[in-house]
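*Asks:* After the structure tokens below, expect a handful of questions from me.
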Amino acid sequence: MARFKSGLKGGKAIAAVALTLGMNVSTIAPAVMAPFAIAPAASAQTVRFPDVSSNHWAKSYIDALVSQGVLAGFPDGTFRPDAPVTRAQFSSMIQAVYSKSPVRGSTTFADVSNNHWAKNSIQNAYKMGFLSGYPGNIFAPEQNIPREQVLVSLANGLNYQSNAAPSEVLGIYSDQGSISNFARPAIAAATEKGMVVNYPSLSFLNPGRNATRAEVAAFLYQALRSEGRVGAVNSPYIARYNATPQNYRLSAGTNLPVTYARDQIVLMPEDTVPVSFVTASNITTPNGQVLIPRGSQVEGEFRPVDGNSTQFYAQKLIAPDGSERAIAAKSAIIETNQTIRKNSANWGRLARNAAIGTAAAAAISAVTGDRVIATEDLLMGTAAGGIFSLAQRFLGRNSVDVIVVEPETNLNVTLDEDIVITP
């Protein structure tokens, strides 16, 4: 994740993935990638397993994923962090977290029957590019998945590629000679992205060893972290490739796609109103490295323009991890575009799921006689002449002209100046 120099809660539930060996699962409800987010592990709901001690190396990863329903414990209340994970079980974990557009069509695996509990998740993981089969259309669903396969799966499914030569990146591992040739480029990419967690020895990848449930939790969480979807875990076991950090320049004119909690913002043309928007998607480098994560706050204010228009000026960018930086960006000019009339129904329709500047609220109240405007809907702005004088000015009038900002359609925030970011 980019760190700015000086979170976002998902709206859809994630289906729990039963990783109990031998448990039959008929269907796994798919998750939608865009709104899915996991709270940083430090603030995740505490999950108690008698076999995961408070100082277990993977406890933060396990707690975060279990509390969000991506992993599940066993019926006896244990988690069994050292138990292996089968390829079928791993495919279910992939489906619980990702719902990407297919990169290839479906296939038929000779050893995955139509009534196999993981048939759908295996097919989806295959179509999204996360998992592949073996020669002879074999998937080996009950085979324990090695550590290098987990890392290759995540790197390939997320379309990650290493910036440096794989041999250079993999040189940080004392056992790099044991990495399969097919896995080297993907593991190099995963290493650069901070997805590799090696316990107990940071320098030993152990690529051919079967991945444990704790290790898969760590790899999966770090993959989500690489996308900017979760907060950082402070772990001494995350493998680091210490290349010289590369600065990236976002040029003036770059669009900042933003979203807002309400459908509309209602302002008077003379109103100055502070507002905080949220970035609606990641802004990345050409190779997919996140520069501005989705869920970053764009803080600024609407300012009057020429007496009948408004324009949003962004002043600060705050990443989900709390780091921040000053920016200069602004929206297109938005003109007066709605008339509120006395005793008309258009105000009621406009007020639904709208945030209202205090000056606009005063003027609308004076015209319509509506004295009940919920305080949580108000944006505490300032207008020339003050709120009370503005309300007095509109008493007795039959209409008032306001500006309606629709963040999803007419905001269009772009950078005024270049900014340099170190991922």
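The values are calculated or read from the model by the stated rules, or taken from the named source; none is laboratory data. Small disclaimer: the values here were computed from a predicted structure and weren't measured. Don't worry about glycine lacking a Cβ; one is built from the backbone with ideal geometry, like all the others, and counts go over all protein chains shown.
*Asks:* Please specify each residue of segment 57-101 satisfying the condition of being within 21 Å of the chain's Cα centre (by Cα), in a loop (DSSP other than H, G, I, E, B) and modelled with pLDDT of 90 or more.
*Replies:* TYR98, LYS100, SER101
To keep it simple, each residue is scored yes or no on (1) under 24 Å from LEU317 (Cβ atoms); (2) in contact with a strand residue (DSSP E or B) (Cβ under 8 Å, 6 or more places away or on another chain).
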{"position": "PHE182", "(1), (2)": "no, no"}
{"position": "ALA218", "(1), (2)": "no, yes"}
{"position": "GLY231", "(1), (2)": "yes, no"}
{"position": "ASN234", "(1), (2)": "yes, no"}
{"position": "ASN255", "(1), (2)": "yes, yes"}
{"position": "TYR260", "(1), (2)": "yes, yes"}
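*Asks:* Report whether or not ASN181 is surrounded by fewer than 13 Cβ atoms within 10 Å (Cβ to Cβ) and within 19 Å of TYR221 (Cα to Cα). Quick ask: steps written out before the conclusion?
*Replies:* Numbers: surrounded by fewer than 13 Cβ atoms within 10 Å (Cβ to Cβ): yes; within 19 Å of TYR221 (Cα to Cα): no.
Judged against the criteria, ASN181 is not a match.
*Asks:* Could you check segment 236-265 and list, in sequence order, the residues that are of a type in the set (D, E, K, R) and surrounded by 24 or more Cβ atoms within 10 Å (Cβ to Cβ)? Break it down into steps so the answer makes sense when it comes.
*Replies:* Our first condition is that a residue be of a type in the set (D, E, K, R); within segment 236-265, this holds for 240, 249, 262-263.
None - no residue of segment 236-265 is of a type in the set (D, E, K, R) and surrounded by 24 or more Cβ atoms within 10 Å (Cβ to Cβ), so the list stays empty.
*Asks:* Quick one: count up the residues across segment 94-118 that are farther than 25 Å from LEU224 by Cβ and among the β-branched types (Val, Ile, Thr).
*Replies:* Total satisfying the criteria: 3.
*Asks:* Right, here's the next one. Just wondering, is there one or more residues in segment 124-140 that are surrounded by fewer than 19 Cβ atoms within 10 Å (Cβ to Cβ), among the aliphatic types (A, V, I, L, M) and touching an Asp or Glu at 6+ places or on another chain (Cβ under 8 Å)?
*Replies:* yes
*Asks:* Failed condition for VAL233, given (1) under 15 Å from the mean Cα position of the chain (by Cα); (2) buried (at least 18 other Cβ atoms within 10 Å of the Cβ); (3) assigned to a loop (DSSP other than H, G, I, E, B), with all others met?
*Replies:* (1)
*Asks:* Then there's this: Please find, among ALA42, ALA2, the residue that is at pLDDT 50 or above, more than 15 Å from SER121 (Cα to Cα) and under 20 Å from the mean Cα position of the chain (by Cα).
*Replies:* Just one listed residue meets the conditions, ALA2.
*Asks:* Something else about it: Considering segment 236-248 alone, what residues qualify as being closer than 25 Å to LEU415 by Cβ and not in a loop (DSSP other than H, G, I, E, B)?
*Replies:* Correct list: TYR248 only.
*Asks:* Restricting attention to segment 92-112, and to residues there that are under 11 Å from PHE139 (Cα atoms) and not acidic (Asp, Glu), which single residue is surrounded by the most Cβ atoms within 10 Å (Cβ to Cβ)?
*Replies:* So, considering only residues that are under 11 Å from PHE139 (Cα atoms) and not acidic (Asp, Glu), the one surrounded by the most Cβ atoms within 10 Å (Cβ to Cβ) is VAL112.
*Asks:* Another question, if that's okay. Take the conditions assigned to a strand (DSSP E or B) and either in contact with a Lys or Arg (Cβ under 7 Å, 6 or more places away or on another chain) or aliphatic (A, V, I, L, M) (or both) and apply them to ARG325. Does it pass? Spell out the reasoning first.
*Replies:* Numbers: assigned to a strand (DSSP E or B): yes; either in contact with a Lys or Arg (Cβ under 7 Å, 6 or more places away or on another chain) or aliphatic (A, V, I, L, M) (or both): yes.
Against the criterion (assigned to a strand (DSSP E or B) and either in contact with a Lys or Arg (Cβ under 7 Å, 6 or more places away or on another chain) or aliphatic (A, V, I, L, M) (or both)), ARG325 qualifies.
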